[in-house]
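Trainee: Input: one structure, supplied below.
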Amino acid sequence: MFPVSLTGPSLTLREMQPDDVEALHSVYGDATTVEHLSFTPRTVTQCSTVIDSAVQDAQTDPRTVYMLAAEFDGRLVGAARMAQDERPHSAQIGFAIRHDLWGRGLGAELVELLLRLGFEQLRYARIWGARSPENPASQAVMNRAGMVEEGRIRRHLRTDTGWRDSIVHSVLCDEWSA
């Protein structure tokens with residue numbers, strides 16, 4: 001499916017573009033924003049590589065990875081990713097919003113847009129996401145979207161400070177309502 005363009009009350013989810021590098025760096029390059037993600041702050045060059053991969057993935061047939069920009073008031077303020085699992089009925093999501101916009105419901109809206117894409121357009125049967133145990137905001141966002149906490153993956157990620165567990169949440173197509 002190309003191009004992706006979904007609009008919610010405040011956000012638009014769209015394809016990444018080569019000129020998004022600086023804006024993506026304002027998200028992925030910020031230590032506070034990525035504190036609970038699976039990576040440390042990204043450089044401008046690393047953000048450019050992310051966008052290059054997103055542009056290439058968008059042209060793949062069949063498409064299995066959706067790395068998308070989240071726009072608020074016409075500017076990129078976040079990123080969203082949906083990647084099909086080995087079994088084509090399931091996909092994993094990930095998301096980030098610039099930390100200066102936290103607390104406005106944009107994370108919840110971003111997850112809702114991802115679920116709309118996954119269930120309504122891509123017809124997945126299951127969508128899941130993993131979060132840091134120390135991230136109650138992400139827990140609240142996924143719970144609000146109807147995602148059920150499934151359990152803990154111990155020592156799931158290696159970080160600069162050591163191993164980190166992940167908490168998995170999921171929702172099934174028949175549990176989700178738009």
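The values are calculated or read from the model by the stated rules, or taken from the named source; none is laboratory data. Bear in mind the structure is a predicted one, so any value in this text is a computation, not a measurement. Cβ placement follows ideal geometry from the backbone for every residue including glycine, while neighbour counts extend to all protein chains displayed.
Trainee: Could you check, for the range 100-110, whether at least one of its residues is touching a strand residue (DSSP E or B) at 6+ places or on another chain (Cβ under 7 Å), assigned to a helix (DSSP H, G or I) and more than 17 Å from residue 34 (Cα to Cα)?
Mentor: Yes: the range 100-110 contains one or more residues that are touching a strand residue (DSSP E or B) at 6+ places or on another chain (Cβ under 7 Å), assigned to a helix (DSSP H, G or I) and more than 17 Å from residue 34 (Cα to Cα).
Trainee: Residues being aliphatic (A, V, I, L, M) and either touching a Gly at 6+ places or on another chain (Cβ under 9 Å) or not in a helix (DSSP H, G or I) (or both): count how many of those fall in the range 28-57.
Mentor: Within the range 28-57, residues that are aliphatic (A, V, I, L, M) and either touching a Gly at 6+ places or on another chain (Cβ under 9 Å) or not in a helix (DSSP H, G or I) (or both) number 4.
Trainee: Among (1) β-branched (Val, Ile, Thr); (2) in a loop (DSSP other than H, G, I, E, B); (3) closer than 23 Å to residue 158 by Cα, there is one condition residue 60 misses while meeting the rest; what is its number?
Mentor: Result: residue 60 passes all but (3).
Trainee: Can you confirm whether the range 134-146 contains a residue that is part of a loop (DSSP other than H, G, I, E, B), surrounded by 18 or more Cβ atoms within 10 Å (Cβ to Cβ), polar (S, T, N, Q) and in contact with a helix residue (DSSP H, G or I) (Cβ under 9 Å, 6 or more places away or on another chain)?
Mentor: no
Trainee: Okay, moving on. Cβ-Cβ below 8 Å, separation at least six or inter-chain, first residue in the range 156-178 and assigned to a loop (DSSP other than H, G, I, E, B), second of a type in the set (Val, Ile, Thr) and modelled with pLDDT under 95: which pairs?
Mentor: 160/40
Trainee: Determine which single condition residue 20 fails, assuming it passes every other condition in (1) surrounded by fewer than 19 Cβ atoms within 10 Å (Cβ to Cβ); (2) charged (D, E, K, R); (3) over 19 Å from residue 159 (Cα atoms).
Mentor: (1)
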